[in-house]
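The values are calculated or read from the model by the stated rules, or taken from the named source; none is laboratory data. Because the structure is a prediction, the values reported are computed rather than measured. No Cβ is skipped: glycine too gets one built from the backbone with ideal geometry, and neighbour counts run over all protein chains shown.
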Amino acid sequence: MSLPVRAVPVTCTRDCPSACGLLAHVAGDRVVRLTGNPDHPVNRGTLCRKAPAFLRRFYSPERVLTPLRRRNGAWARVSWDEALDELAEKLKDAVVRHGPESILYYMGFGERTALKIVNARFFNLLGGVTTLAGTLCGGTGYAAQSLDFGPRVSHDPLDLQNARTIVLWGRNPVATQPGLLAHLRDAKKRGARVLLIDPRRSESVTLADMHLRVRPGRDAFLALGAARHILDAGLEDREFLSRRCDNVEAYRALARRYTLEELATACDIAVPDIVALAEAYVAGRPTATLLGWGLHRFTLGHEMVRAVDALGAISGNIGLPGGGVSQGFEEWGPYDSGLWGEGLHPPRRTFLMPQIGREILEAKDPPVAVAVITAANPVCMAPNSDLVAKALDSVPFVVDMNLFLDDTADHADLFLPCAAFFEQRDLVASFGHNHVGPLSPAAPPPGECRSQFDIFMDLARRFPFAGDFVKSDEDWLRLLIRPLLEKGVAWDDLWRGPVRIPDAPMTPWRDGTFATPNGRFQLLADVTGCSDCRHGARYPYHLLTPGGAGHLCSERVPGDHGGPAQLTMATDEATRLGIADGGPARLTSEVGAMEVVVRHDPGLRADVVVCERGGWIKAGQGVNRVIPDMVSAVGQGTPYYEARADVEKLP
Ligand SMILES: Nc1nc2c(c(=O)[nH]1)N[C@H]1C(S)=C(S)[C@@H](COP(=O)(O)OP(=O)(O)OC[C@H]3O[C@@H](n4cnc5c(=O)[nH]c(N)nc54)[C@H](O)[C@@H]3O)O[C@H]1N2
Ligand SMILES: Nc1nc2c(c(=O)[nH]1)N[C@H]1C(S)=C(S)[C@@H](COP(=O)(O)OP(=O)(O)OC[C@H]3O[C@@H](n4cnc5c(=O)[nH]c(N)nc54)[C@H](O)[C@@H]3O)O[C@H]1N2
Ligand SMILES: [Mo]
């Protein structure tokens, strides 16, 4: 007899702007199927192609089911009490001997739910430990947009229904935000045009009416070119410029600093295509720009983002329903930010996330004694992987909270096995829309796995501050969502399905007043020159490492992948090097080398090679071994796509 199946509304916590509403279909103590929740206004019942693999991953025989302690190089099973007693001892010892800053708390992107704020509070109660500054993900875009508009606010994706033109600028939603596709497809059915600006033919080319294969890192010149055409043709929104913007004359001068031909050469887009882009912004209005994370991953990413913001402004698309230059949303925004506990002690040390390897290795006063890593795989996902691995090996006690023994676990001393998203109670906000969704324990965690929240509560029982800190998940969640409750959201509604943040705007900046210090939009006034890259001939190719459609960063079913990573190259370029489609090659950069299998792509730019991010080092992949660990000029982001590489044929 088969068990009755019930459906529990949950929310996907993969590190994806979709944060889709899902239904977990449960039979007995197992989730047997995930489907899209038709009541979610953004993903509207759709499900991405990765989702079926979630269950295979979470119920995989390789999921770790008990705490593990490394002894003489090998993992041994330990009980939770042994594990947490030892961790508490190490933390206390580090505080007494070297001060709280000798503890590093490294919070990754694997699960950014409301209760994670409570984990951070634990470390602040401990006295404030070393935490991260900057980000492996989106800091540059936030910083850049905040210079122009004031703290970044994006159009609600539901506002796309008002757009006549949609520009996907350095963003690949077909692969990386499938939860948005229902809206993009609707817009196309209504007759909206979609433009894609991407050096490669990404998966999103299937949506595009026009594709501009920009030279990597040169989007500022493309945006300035379009602006120059708009200004030359007298099509700019003069009223918005004079009444709402600062730096108008400097910006006009900047757009005229180069001829259209010079700008075309810099970004490698032909003048007629630049003109077509300009027209899409004025004649095609309302034009919604969806700015992706692709532009963040450059040293001068802020100039690229600001140049696109300015194009949106002079073309009259800011504050316009169906327009806007939208990038991301604040995933921690809906919660009571005081509960992080930042104010409980003086400011403490931070390490730059983009350079975490060298930060740990160079830390002297005090050196790192204990590192606690949660929902992250920095050895695989942070640049200069070998240095990150070396740094973790230099730390006397490394704790890893995850589900699988990935590349980072190889450098840990204690592994604490965590619950999957549908095995716990929590709330999830999104970095791609304005809805908060529930997590309910649809099924119990397998084996001895526990939610991170549970683990931190149990750990805290061993500390003098347990009294105020140890509470139920429900008690903490009620405190965390106080701002939402005050805006009229009912507690019970949060558990039935997605709830829209009540005061989130559909169309920000409608009244023309910005959140900058003087209330005016700040036009970009200068860009760094367009001379060529520092590595020139030794490393002829731009190495792009975007997200692949089949996986979320390094979240893989362990046994599922292996063998050399695939590197996509322009067919003519590979042929010139004598590398056949499927042939082996060596990919070399200033920091390392790795073996790859080359795939020919007749549509790729000759100066670009592409390798999907996230393959594990221990599966023979790990492209971050060849990505240098740099920091972007603004926003402390990680300029992965600044990496230059060479490719040689292997016998
Ligand atoms: N070369 C290159 N590298 C990149 C990028 C790039 O463009 N190019 N992009 C970067 C970006 S945008 C990001 S955001 C970072 C991501 O960097 P990371 O966050 O370090 O990497 P992920 O692969 O997302 O790892 C998330 C981990 O969380 C675990 N996890 C998932 N759910 C849970 C849970 O409920 N509890 C616990 N404890 N663990 C859980 C997963 O198993 C996984 O190991 O990588 C960056 N790395
Ligand atoms: N399936 C899947 N979904 C994901 C992820 C994943 O790994 N897999 N990762 C998640 C995470 S952590 C994030 S932050 C988001 C990121 O989602 P996206 O914003 O889509 O970011 P990326 O995939 O890094 O890059 C987007 C596009 O930028 C292009 N690009 C590279 N250089 C340039 C340039 O100079 N100019 C322009 N115009 N384009 C350029 C790349 O070719 C790529 O197609 O996606 C999330 N969703
Ligand atoms: Mo990200």
Unique match (being more than 16 Å from ligand 3 (Cβ to nearest atom) and more than 30 Å from Thr259 (Cα to Cα)) among Gly547, Gly529, Gly559, Gly614: Gly559
Any helices (runs of 4 or more DSSP H) falling wholly within the range 435-483 and containing at least 3 residues that are closer than 16 Å to Arg425 by Cα: 452-460, 473-480
Residue tally, condition surrounded by fewer than 24 Cβ atoms within 10 Å (Cβ to Cβ) and away from ligand 3 (no atom under 16 Å from the Cβ), over the range 632-643: 3
Top-ranked residue in the range 105-125 [being away from ligand 1 (no atom under 16 Å from the Cβ) and within 18 Å of Asp454 (Cβ to Cβ); ranked as nearest to the chain's Cα centre (by Cα)]: Arg121
Residue list for the range 11-36, filter: touching a Phe, Trp or Tyr at 6+ places or on another chain (Cβ under 9 Å) and either in a strand (DSSP E or B) or over 23 Å from Gly548 (Cβ atoms) (or both): Thr11, Leu22, Ala24, Val26, Arg30, Val31, Leu34
Tabulated pairs, the range 1-18, first free of Cβ contacts under 8 Å to residues at least 60 places away in the same chain, second part of a strand (DSSP E or B), C-beta under 6 angstrom, 6+ apart or interchain: Leu3/Ala27; Val5/His25; Val5/Ala27; Arg6/Val26; Ala7/Leu23; Ala7/His25
Check on Ala429, under 18 Å from the mean Cα position of the chain (by Cα) and within 13 Å of ligand 1 (Cβ to nearest atom): no
Residue check for Thr289: crowded, with 24+ Cβ neighbours inside 10 Å, of a type outside the set (D, E, K, R), on the phi < 0 side of the Ramachandran plot and touching a residue at least 12 places away in the same chain (Cβ under 8 Å): yes
Total residues in the range 150-185, condition out of contact with any Pro (no Cβ under 6 Å at 6 or more places or on another chain), assigned to a loop (DSSP other than H, G, I, E, B) and within 16 Å of ligand 1 (Cβ to nearest atom): 3
Any pair with Cβ under 7 angstrom, 6 or more apart, that starts in the range 403-430 at a residue that is among the hydroxyl-bearing types (Ser, Thr, Tyr) and ends at one that is away from ligand 2 (no atom under 16 Å from the Cβ): Thr408/Ile373; Thr408/Val379; Thr408/Asp400
Filtered residue count, the range 121-140, keeping only those that are buried (at least 19 other Cβ atoms within 10 Å of the Cβ) and within 30 Å of Ser18 (Cα to Cα): 12
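Hey, any hits in the range 622-629 for a residue that's surrounded by fewer than 17 Cβ atoms within 10 Å (Cβ to Cβ) and not charged (D, E, K, R)?
no
Please go through the range 205-222 and give me each residue that is closer than 21 Å to Tyr640 by Cβ and assigned to a helix (DSSP H, G or I), ordered by number.
Correct list: Asp219, Ala220, Phe221, Leu222.
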Residue match in the range 18-39 (condition: under 26 Å from Cys137 (Cα atoms), buried (at least 19 other Cβ atoms within 10 Å of the Cβ) and at pLDDT below 95): no
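Listed here are the residues, each with its yes/no results for (1) more than 20 Å from Pro199 (Cβ to Cβ); (2) in a loop (DSSP other than H, G, I, E, B); (3) touching a residue at least 40 places away in the same chain (Cβ under 8 Å).
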residue	(1), (2), (3)
Glu612	no, yes, yes
Val631	yes, yes, yes
Gln636	yes, yes, yes
Asp646	no, no, yes
Test result for Val64, more than 16 Å from ligand 1 (Cβ to nearest atom), over 24 Å from the mean Cα position of the chain (by Cα) and surrounded by 18 or more Cβ atoms within 10 Å (Cβ to Cβ): no
Of all residues making up the range 84-110, the number that are within 16 Å of ligand 3 (Cβ to nearest atom) and touching a strand residue (DSSP E or B) at 6+ places or on another chain (Cβ under 6 Å): 2
Any chance Ala51 is surrounded by fewer than 17 Cβ atoms within 10 Å (Cβ to Cβ) and not charged (D, E, K, R): no
Among (1) within 16 Å of ligand 1 (Cβ to nearest atom); (2) more than 25 Å from Leu405 (Cβ to Cβ); (3) out of contact with any strand residue (DSSP E or B) (no Cβ under 9 Å at 6 or more places or on another chain) - the single one Leu136 does not satisfy: (2)
Single residue of Cys12, Cys20 found to be within 15 Å of Phe422 (Cα to Cα) and touching a Leu at 6+ places or on another chain (Cβ under 6 Å): Cys12
Residue among Asp400, Asp393 that alone is more than 8 Å from ligand 1 (Cβ to nearest atom), crowded, with 24+ Cβ neighbours inside 10 Å and under 22 Å from Trp75 (Cα atoms): Asp400
